[in-house]
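The structure under discussion appears below in the form of structure tokens.
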Amino acid sequence: MRWFARRCLFYVFAIWVALTLNFLLPRLMPGDPAGGVLARLSPSQIQANPGIIQTYRALLGGGNKSVWQDYIAYLHRLTHFNLGISTSNYPAPVSEVIGRTLPYSIALVGVAVLLAFIIGTGIGMIAAWKRGGTVDTVFVPALMGLGAFPAFFTALLCVYFFGLKLGWFPIQHAYASGLVPGFNWAFVASALRHGELPVLVIMAAFTGGWVLNMRTVMINTISEDYVAMAQAKGLKDRRVMTRYAGRNAILPPLNGFAAQFAGAVGGLVFVEYVFSYPGAGLTLQQAALGNDYPLTQGLLLVFAFAVIVANFAMDMLNFLLDPRVRAS
Amino acid sequence: MSQLQPLLEPEVTPLSVPAPRKHHRIPGWLSLLFENPKSRFGLVLIGFMILVAVIAPWISVNNPTDFNILATRQAPSWNHLFGTTDQGSDIFSQVVLGTRRSLILGASAALLATTLAATLGILAAYSGGIIDEIVNFLTNVFLVIPTIPLLIVISGYLNARGMTTMILVLGLTLWAFEARILRGQALSLKSRDFVHASKVAGESTRRIVFGEIMPNMISRIAAAFVLVFYIALLVDAGLEFLGLGDTTHVSWGMVLYWAQTNSTVLQGEWWPFLFPGLALVTTVVGLVFLLAGIDELSNPRLRTMKTKKRKKASR
């Protein structure tokens with residue numbers, strides 16, 4: 001229970017650091033970010049929203065209030081999920097823009113990371129079991145090489161070869177034009193079809209890491225006595241590999257899951273950009289280019305929050321799976 | 001037979017001792033790296049990229065960003081080895097000149113991050129107590145904030161995105177996971193006899209950290225340096241690709257950015273993105289193989305070659 005409390009405390013603190021970093025960044029930067037945003041608003045927009053100047057000053061600094069007052073106001077607005085108004089999607093609030101784009105990103109990253117984990121650990125397990133075998137000498141270097149490819153480069157190559165030249169996949173956007181997002185078969189089928197290539201690209205970038213981690217841990221596990229014992233008992237090779245060695249080797253790589261997820265969130269931005277996929281990653285890139293600071297701040301918070309939640313979920317899973325953690 | 005194996009092992013290891021003595025000029029660590037096939041491959045690739053960076057001004061045209069309306073969107077030919085952009089600039093010159101920036105930026109950012117990480121990580125592990133708690137806490141917090149979105153937001157705020165700024169930003173954001181690796185390594189060294197001995201001998205903390213523990217972790221530190229080197233390269237090119245770079249300079253990321261902005265891929269032009277991408281991949285693959293080689297040298301269990309040979313010897 002003490003362990004549990006400590007972890008919770010850590011995550012609360014991590015969220016606070018993310019919030020505060022978000023608050024401090026624009027104030028630490030040279031120049032006047034708030035001035036930049038306000039200059040982009042037209043006079044009629046300012047007239048229609050009487051409080052907008054104060055809101056941006058509180059968000060980005062440069063007003064006549066003290067930093068502490070700004071900070072309190074900032075935290076207060078966050079408790080109401082008020083992230084301000086997106087200047088590039090005027091007059092939509094930031095929370096609405098995020099709510100519209102985030103589901104696409106969650107689907108993309110969720111499917112890709114899960115598949116990469118299952119396939120990667122499987123290959124890593126077999127590679128370690130039959131060291132120097134076909135899987136070890138062909139798949140491991142190939143996936144390692146693919147992992148060295150930057151996600152955007154793999155994405156560009158895939159768009160060119162599989163999309164443009166071979167015509168196997170659609171290459172732009174999240175669904176065919178003319179469809180209205182909703183729970184009908186035509187939309188879901190189109191969305192799935194458009195997600196295939198982006199998911200494959202993210203998988204290509206992240207499977208290699210799992211393979212390498214699993215292989216390293218598995219090599220150490222294989223030399224344990226209980227594995228030799230299981231083999232001496234005459235159990236089937238496959239059973240020893242999965243139930244005895246693999247089952248014990250999977251915990252350390254699983255601990256890296258949250259870090260892989262954080263990496264995949266980063267890779268997502270590039271993949272969405274290349275595919276013009278209307279998710280949160282593409283929105284972040286466009287907001288950063290268009291100086292839409294309220295939106296970049298809001299998205300950074302959402303991404304940080306997602307990674308923190310992933311970390312927390314992994315900790316809980318670890319707690320369930322590993323008796324050593326429970327005992328300590 | 002199996003009991004004799006450990007004694008036989010030194011004879012079959014590829015790392016025989018007399019070999020480095022033959023060529024006097026090459027330092028020991030370099031010849032070690034050359035004897036491992038993985039790191040040798042990596043060193044050859046990196047050596048090639050360094051060579052390109054050094055001779056870049058002699059093999060490129062004078063003004064790589066010059067536009068030429070008569071030669072736009074040309075596929076690779078003898079006149080333009082890597083083809084031209086939609087402004088008619090020579091992509092070969094841009095890629096070759098971009099090599100310098102990438103290598104210098106990656107190495108500098110890695111140096112900054114490694115210095116920070118090694119100092120903080122080892123100091124924390126050795127001192128223990130409250131210092132260790134604080135450093136460990138800080139690194140863990142840094143690790144849960146996703147780096148790429150953070151860097152995108154920071155670059156969005158920056159007005160000047162010159163090389164020095166990017167080195168500082170990358171170095172200061174990438175040190176955390178390196179510090180975690182190095183701290184873990186230092187923790188296992190901390191309770192070794194030689195550390196206790198120097199403590200008893202009355203050596204100062206600074207001397208124990210920098211003079212005793214650090215030299216014993218040099219292969220780990222080198223591995224961490226190489227890791228951050230290629231991550232910094234990738235991240236910098238990625239940010240530029242997203243349009244968050246300095247549009248006035250020449251680099252791989254900028255060539256890729258213009259290729260994407262002008263949607264050259266969708267028009268079937270493969271050369272504006274293929275060549276800068278390949279340059280990036282070549283460098284990164286070189287560094288990844290070098291890293292794998294260093295890992296194998298410091299952790300003999302990972303070597304595949306050796307086990308194969310041992311099996312043959314035992315038959």
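Each value in this text was obtained by applying a stated rule to the coordinates, not by laboratory testing. Just so we're clear, the structure is a prediction, and the values are computed from it rather than from any experiment. Glycine gets a Cβ as well: all are built from the backbone with ideal geometry, and neighbour counts include every protein chain shown.
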* Structure fact -> Farthest towards the positive end of the dipole of chain A, among A:Ala112, A:Leu197, A:Ala155 and with Cβ unit charges of +1 on Lys and Arg and -1 on Asp and Glu, lies the Cα of A:Ala112
* Structure fact -> Charge dipole of the protein assembly as shown built from unit charges on the beta carbon (Lys, Arg +1; Asp, Glu -1), centred at mean Cα; most positive-end Cα among A:Thr101, A:Phe257, B:Phe82 is A:Phe257
* Structure fact -> With a ≥ b ≥ c from the Cα gyration tensor eigenvalues, square-rooted, and the rule rounded for a/c under 1.5, otherwise prolate when a/b > b/c and oblate otherwise, the range B:137-286 is prolate
* Where does the charge balance sit around B:Val195 when Lys and Arg score +1, Asp and Glu -1, over other residues with C-beta under 13 Å from its C-beta? -> +1
* State to the nearest 20 debye the size of the charge dipole of chain A about its Cα centre, where the only charges are +1 on K and R beta carbons and -1 on D and E beta carbons. => 800 debye
* Taking the Cβ of B:Met254 as the center, what net charge do the other residues with Cβ under 9 Å away carry, scoring Lys and Arg +1 and Asp and Glu -1? -> -2
* Structure fact -> With Rh as the Kirkwood radius over Cα pairs, the range A:98-327 has Rg/Rh of 1.04
* Asked: Nearest 20 debye, what's the magnitude of the dipole of the protein assembly as shown about its Cα centre given +1 on Lys and Arg Cβ and -1 on Asp and Glu Cβ?
  -> 2260 debye
* Structure fact -> Residues other than B:Leu233 with Cβ under 12 Å of its Cβ, Lys/Arg counted +1 and Asp/Glu -1, net out at -1
* Any aspartates and glutamates with Cα under 13 Å of the A:Lys233 Cα? List them, leaving off those in the same chain fewer than 8 positions away. => A:Asp225
* Asked: Taking Cα centroids, how far is the range A:182-228 from the range A:284-321 in Å?
  -> 21 Å
* To do: Taking 7 Å along the Cα-to-C-beta vector as the label spot, tell me the A:Asp225-B:Phe48 distance in nanometres, rounded to one decimal.
  => 5.0 nm
* **Kirkwood Rh and Cα Rg combined as Rg over Rh, evaluated for the protein assembly as shown** => 0.98
* **Relative contact order of chain A, defined on C-alpha pairs under 8 angstrom at six or more residues apart (%)** => 24 percent
* If a helix is a whole DSSP H run, which ones in chain A reach 20 Å or further along their own axis (Cα) and hold a mean Kyte-Doolittle hydropathy of at least -0.5? -> A:2-28, A:94-129, A:185-222, A:257-275, A:293-321
* Structure fact -> Going fewest to most other Cβ atoms within 10 Å around each Cβ, B:Val95, B:Val195 line up as B:Val195, B:Val95
* **the range B:209-256 shape via C-alpha gyration tensor axes, a/c threshold 1.5** => prolate
* Asked: From the square roots a ≥ b ≥ c of the eigenvalues of the alpha-carbon gyration tensor of the range A:167-275, which class results: rounded (a/c under 1.5), prolate (a/b over b/c), or oblate?
  -> prolate
* What is the fewest-to-most order of A:Val201, B:Val250 by other Cβ atoms lying within 10 Å of their Cβ? -> B:Val250, A:Val201
* Asked: So what is the 222 nm mean residue ellipticity for chain A from helices alone, if each DSSP H run of at least 4 adds -39500 (n - 2.57) and you divide by all residues, rounding to the nearest 500 deg cm²/dmol?
  -> -23000 deg cm²/dmol
* Tell me, B:Trp78, B:Trp270, A:Trp68, A:Trp210 in order of fewest to most beta-carbon neighbours within 10 Å? -> B:Trp78, A:Trp68, B:Trp270, A:Trp210
